[in-house]
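Step one of this worksheet: look at the structure below.
Each value in this text was obtained by applying a stated rule to the coordinates, not by laboratory testing. Owing to the predicted nature of the structure, the values given are computational and were not obtained by experimental measurement. Here Cβ is always computed from backbone atoms with ideal geometry, including for glycine, and neighbour counts include all displayed protein chains.
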Amino acid sequence: MATNFNLYGVLCAVLFPLFLIQRTDAAAVISIDFGSEWMKVGIVSPGVPMEIVLNKESKRKTPAVVAFRDGVRTFGEDAVTVGVRFPKNSYKYLLDLLGKPYDHPMVQAYRQRYPYYELVESERGTPEFVHDDKTRFTPEELIAQLLAKAKEFAEVSHGQQISECVITVPGYFNQAERRSMKEAAALAGLNVLQLINDYTGIAINYGIFRRKEINETAWYALFFDMGAASTKAALVEYKTVKIKDKGYVETVPQLQVIGVGFDRTLGGHEMTLRLREHLIKAWEANGGGDVRASPRSMEKLLREAERVKVVLSANSEHYAQIESLLDDKDFKQLVTRSQFEELCSDLWGRVSGVVQRAISAGGGAGAGARLVLAGGAARAPAVRDALQAAVGHEPARSINADEAATMGAVYRAASLATGYKVAALNVRDAVLLPIQVTFTRHVDGNDKLIKRTLFGPMNPYPQKKVITFNKHTNDFTFNVNYAELDHIPSNELVYIGSPNLTHVVLTGVSAALAKHTGDNVEHKGIKAHFNMDDSGILNLVNVEFVAEKTVTEEEDKDSTLSKIGSTISKLFGSDSETPEKVEEKPEEKPVEAEKNDTVKANETITEKQNATETEKPKPKIVVLKEPIKTEEDILNLKPLTPEQFKTAKSKINELNAIDKKRVERETALNNLEAFVVDAQMKIDMPEYAECGTPEQIEEIKKICSETSEWLYEDGYEAETELFEEKLALLKEKTNPIWYKHWEHRERPDAVAAIRNMLNSSQEFLKMAKNFTKESNSERDVFTEVEIEVLEKKIIETETWVNKSIAEQEALKKNEDIKLTVESIREKMSNLDREVKYLLNKMKIWRPKKPVKKESDNKTEETVVEPESEKLETQEETPEVETETKVDDGKKEDSSGADTEPPLQIGEGQDEHSEL
């Protein structure tokens with residue numbers, strides 16, 4: 001399995017950059033695959049391909065566990081270790097509690113599975129952990145701390161601040177659960193770009209590596225994801241569509257979820273619990289005692305059952321072994337795969353049920369779809385056998401079952417974040433829990449309840465819809481609820497919670513109608529605009545009264561002047577004085593994307609037409625709009641109030657401050673301990689001891705000994721400042737000795753380097769003397785002054801080196817340094833500058849150019865002097881024939897330049913950069 005992970009990581013590192021263009025100023029974004037048992041983090045940042053973030057143990061996934069013990073907060077593996085000894089202090093499987101009321105069946109099942117937790121009902125009606133007499137934690141607060149830790153892993157790993165993310169959630173999450181996850185992210189200091197369904201993330205990961213296979217002919221994939229707590233199956237359609245998103249029509253690949261099946265309580269953890277029960281019975285049968293009364297022993301059995309379950313996926317039998325399970329008694333029991341499968345025999349039929357519901361929801365379109373497995377629990381042989389029986393063919397293993405959702409989500413994060421451009425992949429998710437609007441209407445003296453479906457099962461989203469109330473003339477109310485849930489199994493209905501979502505009160509209806517009356521005004525009703533965003537959260541955008549006014553030609557002119565005046569007023573008026581809109585331009589929509597729906601409350605539901613098919617406004621028809629005041633009351637789980645959010649944030653900030661202070665103290669302590677040990681070791685070495693006086697050495701030994709004794713006695717309880725003070729004192733005493741040792745160690749190499757430079761410079765000087773006008777009139781590269789300056793610098797440097805070495809050797813090693821490495825480097829730099837000046841001049845030198853004049857057929861020499869201060873020269877080219885014979889028999893080219901190559905540095909005379 002490790003080999004597959006490595007190959008997958010290499011594949012992602014190579015291929016993901018092909019799908020991504022990024023700017024250097026783009027901010028890093030992450031994805032968090034937050035599961036019941038594990039959390040995984042993906043990241044994309046400038047210069048870094050999409051990849052999995054490693055935690056502090058360099059592992060690719062982290063247990064979603066947080067623990068508190070003795071004022072210390074731990075996460076991941078450390079928290080799991082705390083949980084073995086102190087189960088009550090370690091909080092896990094928190095996703096089962098998120099966004100649920102205290103009386104929810106899953107909350108009650110949680111209490112039965114983990115009786116050592118003290119769960120009470122909070123003021124909001126949600127479960128709350130009682131940690132101690134002073135501290136309580138809600139699931140949102142604990143999950144927020146885990147999300148913040150995931151954010152910290154990414155920041156530490158890549159050295160960048162993170163503020164934006166995409167988080168995976170189970171596709172069956174309802175409105176309250178999705179809002180709670182966003183609240184937890186806000187408490188963690190994260191801006192959620194999108195909550196993405198976990199199976200959609202897997203589908204994205206699968207699709208981006210198969211973009212070449214996606215064409216106008218639709219093909220299907222069935223993703224089966226069995227995790228620790230639940231099981232999901234999603235039927236996904238892949239095909240190309242035409243969209244108009246950037247002002248022009250383009251063909252892009254699209255994935256659309258068309259069928260989903262799920263089982264909230266079917267997962268690997270349920271299998272583990274059953275296996276633990278089997279081990280408990282085996283222990284009790286051997287007279288081991290009442291293990292159920294010991295939370296610590298129960299936690300040990302749970303961990304061992306999880307380990308044995310994983311081993312049995314690849315082996316036919318294995319021993320469960322626990323040392324000192326209870327009362328210092330060891331436990332050992334052989335478990336076979338057949339026993340394990342018998343314990344879970346009723347679960348295998350539920351596996352095929354999830355798949356069949358997904359295919360059925362897709363309307364049978366996915367016949368012969370590719371079956372792709374994801375999730376750790378899907379590795380069980382019995383699960384694979386049940387799947388093969390359900391679909392009739394072997395499941396594919398072409399994705400990383402653990403990381404596919406994480407990588408798909410981080411791809412989505414890159415497409416949503418600013419500064420990244422990814423290869424186009426249109427994503428359309430599906431509504432699992434249909435939503436309807438209900439209201440009453442007075443008919444024949446009676447109030448009649450009207451129901452209108454807003455989003456039906458498997459409706460794609462994100463999407464906007466509008467419902468029109470055209471029979472109401474006074475203030476009224478309506479409710480938003482879950483619609484009929486016949487497509488969901490009865491055993492799943494109890495987990496959905498309250499079907500009532502919101503109660504909306506509209507005021508100012510009659511005033512809006514009265515404001516727009518007349519023979520030429522036609523009322524179009526009260527329109528409520530809804531939006532199902534890409535996180536699957538329903539929002540009431542706004543409510544407005546709409547009317548159409550027919551105007552005459554003369555009135556139309558007045559209306560035009562009115563519009564001009566109102567436009568000018570917008571430039572100078574405040575927001576509170578925004579005038580009423582007179583007309584509305586049609587909004588451009590994707591060509592083949594799902595259109596907004598208009599729900600007429602008195603008759604039927606109509607979809608908004610495509611932008612390319614919008615009717616042109618009728619001549620002399622003005623659309624009038626008047627906003628209607630709305631009050632929206634959430635009927636199920638109430639969101640956090642500003643005061644509750646502030647209190648929770650303060651609690652988390654306080655824990656963060658404690659952690660920061662503890663880390664700073666531990667770092668200071670570790671630095672002091674390490675420095676004391678290092679100083680004691682060095683001071684006993686002769687090469688260090690001879691760099692200090694006997695008094696200095698004795699003082700350092702004394703300080704180290706006293707500090708070491710202090711640390712082992714009561715120093716571990718000291719404050720951070722005291723550790724830092726003692727470390728500063730030690731550094732003050734030792735740094736002069738460490739510095740002298742470094743100088744004596746590095747000086748021989750520095751001296752050798754400057755002597756090599758002197759030898760090379762002297763060789764270059766000898767050669768350069770042959771290229772002056774006085775020594776060779778045809779090779780007048782250098783002037784006498786330049787030669788003298790270099791020669792003087794060489795002599796000066798050599799004299800300084802010899803004198804300084806003699807002075808330094810006359811000193812003891814513990815005396816002040818005379819010849820420092822820095823001074824040698826400075827002398828080398830000065831000499832280097834002089835030699836490099838002459839080398840550059842030699843590179844650009846060109847010989848004289850003889851030119852034959854046609855007037856008298858005599859050869860004259862025209863000399864072009866290069867500018868010695870520049871690396872490149874511009875030559876004046878005299879007019880000459882293509883080939884001209886000159887006195888020395890050499891041939892000129894058409895440019896007039898001598899074909900003889902420029903002067904080369906002789907053998908043994910390298911360029912200065914190699915001196």
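General observations
- Going by neighbour counts of Cβ atoms within 10 Å, the residues Cys165, Cys344 line up, fewest first, as Cys344, Cys165.
- 3J(HN,Hα) couplings calculated from phi for the range 692-701 with the Karplus curve 6.51 cos²θ - 1.76 cosθ + 1.60 (θ = phi - 60°) are, in sequence order, x, 6, x, 5, 5, 4, 5, 5, 5, 4 Hz; Gly and Pro show x.
- The range 777-853: Rg to Rh, with Rh as the Kirkwood radius over Cα pairs: 1.26
- Farthest positive-ward along the range 304-365 dipole, Cα basis, beta-carbon charges - from Gly353, Leu312, Gln339: Gly353
- Which listed pairs, of Lys246/Lys625; Lys281/Lys329; Lys212/Lys464, have C-alpha distances above 24 Å, in listed order: Lys246/Lys625; Lys212/Lys464
- Comparing Cα centroids, the range 420-465 and the range 61-79 end up 41 angstrom apart.
- Exposure proxy for Thr772, Thr473: other Cβ atoms within 10 Å of each Cβ, ordered fewest to most, give Thr473, Thr772.
- Note: the range 214-329, Cα convex hull, 159 Å³ per residue.
- Cross-link pairs beyond the 32 Å C-alpha cut-off, checked among Lys149/Lys232; Lys651/Lys733; Lys100/Lys471; Lys309/Lys649; Lys649/Lys731: Lys651/Lys733; Lys100/Lys471; Lys309/Lys649; Lys649/Lys731
- For the range 641-847, the spread of Cα positions along the three principal axes, ordered from largest to smallest, is 90, 61, 18 Å.
- Global form of the range 129-199, assessed from the alpha-carbon gyration tensor, a/c cut-off 1.5: oblate
- Amide hydrogen neighbours beyond the local backbone of Val372, cut-off 5 Å, H modeled: Leu222, Phe223, Phe224, Ala396
- Measuring against 23 Å, Cα to Cα, the residue pairs Lys766/Lys818; Lys766/Lys792; Lys740/Lys793 contain Lys766/Lys818; Lys740/Lys793 as the ones spanning a longer distance.
- Residues Asp346, Asp659 arranged by fewest to most Cβ contacts within 10 Å: Asp346, Asp659
- Ordering of 528-538, 91-101 by packing is 91-101, 528-538, highest average first (other Cβ atoms within 10 Å, averaged per residue).
- In plain terms, the chain from Tyr248 to Asn286 could stretch by 6.1 nm, reckoned as 0.36 nm per residue minus the Cα-Cα distance.
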